[in-house]
Each structure stands twice: as structure tokens, then as C-alpha cells.
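In what follows, a single structure is set out as C-alpha cells and then discussed.
The values are calculated or read from the model by the stated rules, or taken from the named source; none is laboratory data. On a predicted model such as this, the values are computed, not experimentally measured, just so you know. Using ideal geometry, Cβ is built from the backbone for each residue, glycine included, and neighbour counts are taken over all protein chains shown. Note: accessible area is taken over every heavy atom of the protein model, side chains too, but ligands, DNA and RNA are not part of it. Shrake-Rupley method; radii C 1.70, N 1.55, O 1.52, S 1.80 Å.
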Amino acid sequence: MKPTILSFIIIVFLVSCTKSTTKNETTDVTDTTQTTVFKAANLEEQIIYNRAVEAVIWGIPAVNFELLNESLTKAKGNFNQIIYWSGLINSKNQTLTPNPDVIYVNPLYDTRNGPVVLEIPAAEGNSSLTGSLDDGWQTAIEDIGPAGVDKGKGGRYLITPPNYKDPVPFGYIPMPSSTYTGYAILRSNLTNGSPEDIKRAVDYGKKVKMYPLSQADHPSETQFLDLLETPFSNTIPYDFHFFELLNEFVQREPWLTRDLVMIDYLKSIGIEKGKPFQADARRKEILNAAIKDAQVWIDKKYEEAFKPPFYDGTNWALPVSPEFVKSIGSNYSIPNVYPVRERAVAYSIAYFSAKHLGTAQFYLLSIKDDKGEPFDGSKLYKLHLPANVPVKLYWSVTVYDRETHALIRNMKYFSRASTTPGLQKNSDGSVDIYFGAKAPSGKETNWVPTDPKGKFELLARFYGPEKGFFEKTWKMGDVTEVK
């Protein structure tokens, strides 16, 4: 979609849903169900506003990644190190829809000084990795692990910088990055969730190595940074800080051919490569109004993306379009297709993409019960999972804060999974999971707590999905309220 067309759509949407106000200027809005009221003093201000909205929609994945860098700096880490969690994550991890049922091992690379080697261990018994290497736009370069390029045999992945021309040495798996910096999301899988199982997964994950190609003959020791008790976040800031982060990304990374039209758009709002980003009080006011309205628009598109559902007659869906999934898999090389809107929706709720979605894992989300009502943390709900879920590894269902798409803060735990110790099964092998502020009597091990003062959403994960999953011979029903 061309930016000029996108601008027109945005303006039409804003006109249709804008609420009235007694102020003549912008109005800060904390309720994301309504837009601000922006009144431009002249055409120049209107253009700044319009282009700022488009910059937000276009720049969501870049800012999403830049937040990882910001959190890494606050944690006293650096690029070309591996951050990991030495146990199951808690709500100190405020990244977007993280998985609380695996051990995360996340290398962050920087190729500005040359290619970087990411060394992946071979799968060993129950020990394996599921994940992908992504560039700074969070576009998967390739998948890693048994469902990835190495097919579980392990290998040396060579991450090369943009426009790298040298031949890749024999024995390395080429991973050409379109940006200088990026990351891998690797998940060291569990089997039963016991303390011993968690230790095994951590120890296996720490067999991953990372070092410059220039040190390949005598690599330096890989630096690991444990973030289990360290605040770490990449929830999208829908305020002026968004543009500050976007500027940091633009200053560091090269322009891609597909994005050249945005050079002038960003210049209109004050972001220009090689120059400091500055904004006076009025420009900040305009940009804050624009990003609040962009947030409303993105969230509206998120809700619309649940149709059609994955299972007919339910509210379960992967809220991204097939066009977007194909674009990720092709690194946006399909002629006449650039789904910026769908990309914004995806990276407003997540910070990862797989090259071949459905091979290693698949996701389904729901934000409403069987009556079409949004999930309310003060109520009790039940989800029935029929027996014999068609997965090779595991399944899980996680609760997230509907507003931030992160784990609900200060909860004891956040999900139930086939690897959860003590999970109760029904006599036929099926499982009932409960969500609410208070556990139903006798069902504590199958219950996930919610915040009684907030809304929530659910994400079901299927790792190693089998044929029956996609043929839908096994079907998961809607969540129902327990009266």
C-alpha cells in the first residue's frame, strides 16, 4: 500500500471516530478506545501529523527492536552477548507476549565490525532449540534448530552485515542480515517443567556460542547475561519516546530500497540520518497526538484481524494476514506487496517472526469469550482442550494484559501447559484450564490468575504442530464464562 493511500485511510478513520472536546489543541487520552482531537494551525502542521501517524505504523518493528537494545543497555549488557533467563520468566520480563514455559536464550548481534558467528549445539535427547534469527526489522533470516536450517545437527551460522561481498567460508551457514544489528530468539524446550528439567534446559541453552568471525580459530568466551531478576521490557511506548527510539534506529541502520519513500516522511517530523532529532513544544504536542491516534487505529486493526477465525465459529485466530506471513518468508520480495499495516499489528503484540511459520510452532490468540464479550479479569472462565493435542513437543495457553500485551504484573504464574507439573487431566485425557482472579475449588493446578481490575487476552502455543492440527481434525473450542 502506498503511503499516500495509507494517509487517506487514516484520515477517514480518524474523522469517523474522533470524539469532541472543548479544547482547541491536542488532548492527552489514556483511554485507547478513542482518538485525540487534533486541530492543525496550518497545512504544514497537518502534514507533520499525517506523516507522524504513518511513521508509527511503518516503524513499529524497528522501535520494537530498539526497545530491546534500550533494555539491554539498562541491564548493563551489550551487543554480541547472549541474554538468557536461568528459570521460567516472571513479570519482570515485560516483553511482548513472551513464553513463560521455555528457557529463553537470546543472542543479540552487531556486525558493524564484521561478520559474527552464532554456534548452535546439536539436539541431544530431550534437549533442543526452537527459534529464528531476525534482522533489526524483526524479519526472520532463517529458522534455527531441528525445524530450522541445521535440522537439529547444530552448526555455525555466519551473520553477515548489509551488502557483504566476501565468500562465506566452507562449513558455515550464511545468514545475510539487511541491518547491522539484530537478534535470535531461541527457546530451550522443557519436557515436564521440574527443577531438574529446567536446569537441563538452561545448561543446554548455554552451549550456544557467539563470537566474531575474525576470532574463529581462537574464539573468545561467549558472554552470558542472566536477566531472571532484572527488569526487561519492549512494550511499545505510545508517546514521544517512540520517535526518539525510531531516530536511534534510523541513525544506526541502512535504508532499505523498499523504504526509501520514508526518508522524506521522517524528515517532515524531524528525523533525518546524520542529524540530531529535535522537536519544540508544539511539534512534541503534534507527535504525541499522532501516536495516540495511531495506537487506536492499530488496536482497531488488531481486533478486526480475528476474522476469519482459525476454527469456524470460534474466536481463536492468528491475527495476521496470509499476505504478511508470505512477506516475512520472502523478506518482502513479493512484487506489489508490502503489508505495512499488518506488520504494525503483528509487532504491536509480539517481537519475533519465524521464517516458516507452522513448521516449528504455531500460535492462536483470543480476546473474547463464546458470547463475543472481551475477557474480564474479575470473572472466571474455562477452556476445554480435547485429548491428544496434535503436537510433537508441547502446548500451552498464556494470559497477557490486554492493554500492554505483556505478562500481567505480580502474578504467581501466567500459563498452563502440557509440561506443567501436576496438571490435572480428565478421564478421557482432555484438559480444562481456568482463568480468573480466584481459583475454582480443587482446580488450582489448572488455573491461571488474572487481574480483577483489568482485561486480558489468551495466546495458545503449539510447538511441533502435526498434520492433524492444520487439518483441524482436532479443534479447540471457545472460552466460556463459569457462572
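Residues of segment 172-202 that are without any contact (Cβ under 8 Å) to a residue 40 or more places away in the chain and closer than 23 Å to Leu158 by Cα: Ile173, Pro174, Pro176. Checking each residue in segment 116-150 for being touching a Pro at 6+ places or on another chain (Cβ under 6 Å) and open to solvent by 30 Å² or more (accessible area, probe 1.4 Å) picks out only Ala123. Select from segment 365-405 the residues that are hydrophobic (A, V, I, L, M, F, W, C) and in a strand (DSSP E or B) and write down the one among them that is surrounded by the most Cβ atoms within 10 Å (Cβ to Cβ). Across segment 365-405, the extreme among qualifying residues is Val399.
I'd like to check something: does segment 206-225 contain any residue that is within 30 Å of Lys92 (Cα to Cα) and acidic (Asp, Glu)? First the steps, then the outcome.
The initial filter retains those residues of segment 206-225 that are within 30 Å of Lys92 (Cα to Cα), namely 206-211, 221-225.
So of that shortlist, the ones also acidic (Asp, Glu) come out as 221.
Yes, that holds for at least one residue.
Of the residues making up segment 426-483, those that are outside any loop (DSSP other than H, G, I, E, B), among the charged types (D, E, K, R), within 19 Å of Asp370 (Cα to Cα) and out of contact with any helix residue (DSSP H, G or I) (no Cβ under 8 Å at 6 or more places or on another chain) are Lys455, Glu457, Glu481.
For segment 137-163, a residue qualifies if it is under 16 Å from Asn106 (Cβ atoms) and among the small types (Gly, Ala, Ser), and the qualifying residues are Ala140, Gly145, Gly148. The lone criterion from (1) touching a helix residue (DSSP H, G or I) at 6+ places or on another chain (Cβ under 7 Å); (2) within 25 Å of Met175 (Cβ to Cβ); (3) in a loop (DSSP other than H, G, I, E, B); (4) not β-branched (Val, Ile, Thr) left unmet by Glu248 is number (3).
So that you can scan it fast, the table gives a plain yes or no per residue for (1) over 21 Å from Gly125 (Cα atoms); (2) open to solvent by less than 20 Å² (accessible area, probe 1.4 Å); (3) small (Gly, Ala, Ser):
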{"site": "Gly152", "(1), (2), (3)": "no, yes, yes"}
{"site": "Tyr164", "(1), (2), (3)": "yes, no, no"}
{"site": "Pro174", "(1), (2), (3)": "yes, no, no"}
{"site": "Thr181", "(1), (2), (3)": "yes, yes, no"}
{"site": "Ser188", "(1), (2), (3)": "no, yes, yes"}
{"site": "Thr191", "(1), (2), (3)": "no, no, no"}
{"site": "Ser194", "(1), (2), (3)": "no, no, yes"}
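Across segment 229-242, the number of residues qualifying as of a type in the set (A, V, I, L, M, F, W, C), in a loop (DSSP other than H, G, I, E, B) and under 19 Å from the mean Cα position of the chain (by Cα) comes to 1.
Quick one: would you say Leu266 is among the aliphatic types (A, V, I, L, M), open to solvent by less than 30 Å² (accessible area, probe 1.4 Å) and either in a helix (DSSP H, G or I) or out of contact with any Cys (no Cβ under 6 Å at 6 or more places or on another chain) (or both)? Judged against the criteria, Leu266 is a match.
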